[in-house]
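A.B. asks: Pasting a structure below so you can have a look.
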Amino acid sequence: FSCNLSYLLCCLLGLLYQEYRDKSTRQEIETRRLQDSQTDPEESSPSEETPSEAEPTSTPESKAPPQISLLRNSNSRFNLWQDLPEIQSSGVLSILQPDEIKLQEAMFELVTSEASYYKSLNLLVSHFMENERLKKILHPSEAHILFSNVLDVMAVSERFLLDLEQRVEENIVISDVCDIVYQHTVNHFSVYITYVSNQTYQERAYKQLLQDKPAFREVISQLELDPKCKGLSFSSFLILPFQRITRLKLLVQNILKKVEEKSDRESTALDAHKELETVVKACNEGVRKMSRTEQMISIQKKLEFKIKSVPIISHSRWLLKQGELQQMNGPKTSRTLRTKKLFREIYLFLFNDLLVICRQIPGDKYQVFDSAPRGLLRVEELEDQGQSLANVFILRLLENADDREASYMLKASSQSEMKRWMISLAPNRRTKFVSFTSRLVDCPQIQCVHPYLAQEPDELSLELADVLNILDKTDDGWIFGERLHDQERGWFPSSMGEEILNPKIRAQNLKECFRVHKSDDSQRRKLGSRNRQ
């Protein structure tokens, strides 16, 4: 049973990773839709359970051990490990249990997707980075910012793929791949952190080059039109490493869900997942750190303190939410709906550890008149107060800038804006469907069917096929959710997803989520105490 890297890559007839990934996630969505419409989650067939990102090709008859060609051609249908002619003719499908076949599919997907990813990286380097016309236009420093350490990333991918390929050569039934993932994540994948951390500067440099250098814009447009690029943009190639490291973690999660419990393969998958999660978090932090530092400096310049000055810039501080709210004039006892100026504008800057309350003044400046540590904030919603007091809530500062308790009655522009402020100001308060400390409750779930890019700090960017618990929702079309695979929380438009209605599927999703994160000791302790309750 043998194949080699060059032959494998020759078989990748036009499937770039961007297309590849899109096919996989869209088929995952369709699979979940089918499962959601069924009574029993196990009713779906193996071919529906685990979509492969591979399209195999048949090989000539030979007395030598069969070669697996991972892709047939770009026009053929999406196929699975079990559809390969070599697997069909081996008789192994009649021996393996259905769960083992599903596991083989999951491991096969990881290997073939790495091959497609490597192909796309290779195109980024050979077609764009090494283009002679582009080299003449770009200053070396500009090229460095634009392409960063992509050569290191590609070298790591090639080494990883070679080891995966060697494992596939060993037996027609793949023994494991997560041990290889673990070793490469620990020893080599730090190159992803370097690349992704440069993303903020990379995006800025690309926009600036498009704006300032017509020759650059022209060459990039011409290169994008080349049939090799399959109609994909240059920027879609630049973002590949970040997409891949995130997707690799999800592929290991998929394997983890299918290995037998308390087995060596489960232990290896848990170790690989834990290391990948560390790399992904470091990538995210790298991107955030770059943009947060600039944002904090900008905010500091806009603030003028009417009270004792509070130092805003800190390496451990970042912005969670900012915006205008209406503050009710006068004490609660003097409320009157006949007052024309019932509310006046105030502006809030909410950081992860601090709230600053301001009024906007001329010159794009803000005058600070109160502040409080975020941990000393409490919120309370007002209900049934009439139209004039709709979307109003009470914000209490247990200890404000004057070391005393203060209350503000605030009005938001909409129900969603009110709820978003309340959850940001007091993140531990109970939400509509489930408290933050009780994830075992069967709460609504949603799967993402349209990608979404967060527009504000309290929003959550979504990828196709993400599954989330719905923690809260508003009547004007917003959902506050927690993504199952990484526990990230945030708001997003409800139109981005489809609710999962089958309670068995929701329970299965939660069970898989807890299994994936079982290596986290604190998570295990929480789970045990809730089960006892």
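A.B. asks: Of everything in the range 473-504 that's under 20 Å from the mean Cα position of the chain (by Cα), in a loop (DSSP other than H, G, I, E, B) and of a type outside the set (S, T, N, Q), which residue is surrounded by the fewest Cβ atoms within 10 Å (Cβ to Cβ)?
C.D. replies: If we take residues in the range 473-504 being under 20 Å from the mean Cα position of the chain (by Cα), in a loop (DSSP other than H, G, I, E, B) and of a type outside the set (S, T, N, Q), then 488 is surrounded by the fewest Cβ atoms within 10 Å (Cβ to Cβ).
A.B. asks: Looking only at the range 222-233, filter to residues that are open to solvent by 50 Å² or more (accessible area, probe 1.4 Å) and without any contact (Cβ under 8 Å) to a residue 12 or more places away in the chain; which one of those is nearest to the chain's Cα centre (by Cα)?
C.D. replies: 231
A.B. asks: Let me ask something additional. When residue 396 is evaluated against the numbered criteria (1) among the charged types (D, E, K, R); (2) in contact (Cβ under 8 Å) with a residue 60 or more places away in the chain; (3) buried (at least 17 other Cβ atoms within 10 Å of the Cβ), which criterion, by number, is the only one it fails?
C.D. replies: (2)
A.B. asks: Scan the range 299-323 for residues that are part of a loop (DSSP other than H, G, I, E, B) and under 24 Å from residue 422 (Cβ atoms) and report the count.
C.D. replies: Kept after step one, since they are part of a loop (DSSP other than H, G, I, E, B), are these residues of the range 299-323: 306-318.
Checking which are under 24 Å from residue 422 (Cβ atoms) leaves us with 310, 312, 317-318.
So the answer is 4.
A.B. asks: Follow-up question, since we're still on this one. So which of 183, 243, 202 is polar (S, T, N, Q), open to solvent by 70 Å² or more (accessible area, probe 1.4 Å) and in a helix (DSSP H, G or I)?
C.D. replies: Result of the check over 183, 243, 202: 183.
A.B. asks: Next question, about the same structure. Sort out which residues of the range 460-480 are in contact (Cβ under 8 Å) with a residue 40 or more places away in the chain, among the β-branched types (Val, Ile, Thr) and either in contact with a strand residue (DSSP E or B) (Cβ under 6 Å, 6 or more places away or on another chain) or on the phi > 0 side of the Ramachandran plot (or both), and write them in order of number.
C.D. replies: 467
A.B. asks: Let me ask another. Is the range 163-172 home to any residue that is open to solvent by 20 Å² or more (accessible area, probe 1.4 Å), modelled with pLDDT of 95 or more and farther than 18 Å from residue 18 by Cα?
C.D. replies: Yes, the range 163-172 contains at least one residue that is open to solvent by 20 Å² or more (accessible area, probe 1.4 Å), modelled with pLDDT of 95 or more and farther than 18 Å from residue 18 by Cα.
A.B. asks: A further question on this structure: Taking the criterion of being in contact with a helix residue (DSSP H, G or I) (Cβ under 8 Å, 6 or more places away or on another chain), in the same structural domain as residue 356 (by the TED database) and either at pLDDT 95 or above or among the aliphatic types (A, V, I, L, M) (or both), would at least one residue in the range 412-421 satisfy it?
C.D. replies: yes
A.B. asks: Does residue 214 qualify as being over 21 Å from residue 488 (Cα atoms), modelled with pLDDT under 95 and not assigned by the TED database to the domain that holds residue 453?
C.D. replies: no
A.B. asks: Turning to a different aspect of this structure: Test each condition in (1) closer than 30 Å to residue 291 by Cβ; (2) modelled with pLDDT of 95 or more; (3) open to solvent by less than 70 Å² (accessible area, probe 1.4 Å) for residue 207 and report the one that comes out false.
C.D. replies: All conditions are met except number (3).
A.B. asks: Kindly list, by first and then second residue, each pair from a residue in the range 190-205 that is within 15 Å of residue 237 (Cβ to Cβ) and in the same structural domain as residue 144 (by the TED database) to a residue that is modelled with pLDDT under 95 and of a type in the set (Phe, Trp, Tyr), limited to pairs with Cβ atoms under 6 Å and residues at least 6 apart or on different chains.
C.D. replies: Here the result reads 196/242, each pair linking the range 190-205 to a residue that is modelled with pLDDT under 95 and of a type in the set (Phe, Trp, Tyr).
A.B. asks: Still on this structure: With the requirement that a residue be free of Cβ contacts under 8 Å to residues at least 60 places away in the same chain and open to solvent by less than 60 Å² (accessible area, probe 1.4 Å), what does the range 360-372 give you?
C.D. replies: Within the range 360-372, 361, 372 qualify.
A.B. asks: Answer yes or no: is there a residue in the range 96-115 that is among the aliphatic types (A, V, I, L, M), modelled with pLDDT under 95 and part of a loop (DSSP other than H, G, I, E, B).
C.D. replies: Yes, there is a match, as at least one residue in the range 96-115 is among the aliphatic types (A, V, I, L, M), modelled with pLDDT under 95 and part of a loop (DSSP other than H, G, I, E, B).
A.B. asks: Hey, another quick one. For the range 206-219, name all the residues that are in contact (Cβ under 8 Å) with a residue 12 or more places away in the chain and in a helix (DSSP H, G or I).
C.D. replies: If the condition is that a residue be in contact (Cβ under 8 Å) with a residue 12 or more places away in the chain and in a helix (DSSP H, G or I), then 206, 209, 215, 216, 219 are the ones that fit.
A.B. asks: Is it true that residue 344 is in a strand (DSSP E or B), of a type in the set (Lys, Arg) and at pLDDT 95 or above?
C.D. replies: No, not satisfied.
A.B. asks: Looking only at the range 186-199, how many residues end up being buried (at least 18 other Cβ atoms within 10 Å of the Cβ) and assigned to a helix (DSSP H, G or I)?
C.D. replies: From the range 186-199, those buried (at least 18 other Cβ atoms within 10 Å of the Cβ) are 189, 191-193, 195-199; that's our starting set.
Restricting the remaining residues to those that are assigned to a helix (DSSP H, G or I) gives 191-193, 195-197, 199.
Of the residues in the range 186-199, 7 are buried (at least 18 other Cβ atoms within 10 Å of the Cβ) and assigned to a helix (DSSP H, G or I).
A.B. asks: Is there a residue being open to solvent by less than 40 Å² (accessible area, probe 1.4 Å), without any contact (Cβ under 8 Å) to a residue 24 or more places away in the chain and among the hydroxyl-bearing types (Ser, Thr, Tyr) anywhere in the range 260-276?
C.D. replies: For the range 260-276, residues open to solvent by less than 40 Å² (accessible area, probe 1.4 Å), without any contact (Cβ under 8 Å) to a residue 24 or more places away in the chain and among the hydroxyl-bearing types (Ser, Thr, Tyr): present.
A.B. asks: Taking the conditions exactly as written (among the small types (Gly, Ala, Ser), in the same structural domain as residue 207 (by the TED database), out of contact with any helix residue (DSSP H, G or I) (no Cβ under 7 Å at 6 or more places or on another chain) and open to solvent by 10 Å² or more (accessible area, probe 1.4 Å)), does residue 236 satisfy them or not?
C.D. replies: Details: among the small types (Gly, Ala, Ser): yes; in the same structural domain as residue 207 (by the TED database): yes; out of contact with any helix residue (DSSP H, G or I) (no Cβ under 7 Å at 6 or more places or on another chain): no; open to solvent by 10 Å² or more (accessible area, probe 1.4 Å): yes.
Against the criterion (among the small types (Gly, Ala, Ser), in the same structural domain as residue 207 (by the TED database), out of contact with any helix residue (DSSP H, G or I) (no Cβ under 7 Å at 6 or more places or on another chain) and open to solvent by 10 Å² or more (accessible area, probe 1.4 Å)), residue 236 does not qualify.
The values are calculated or read from the model by the stated rules, or taken from the named source; none is laboratory data. These numbers come from a predicted model, not from an experiment. Every residue, glycine as well, gets a Cβ built from its backbone with ideal geometry; the counts of neighbours run over all protein chains shown. For the accessible areas, the whole protein counts, side chains as well, though only heavy atoms, and no ligand, DNA or RNA atoms are used. Shrake-Rupley method; radii C 1.70, N 1.55, O 1.52, S 1.80 Å.
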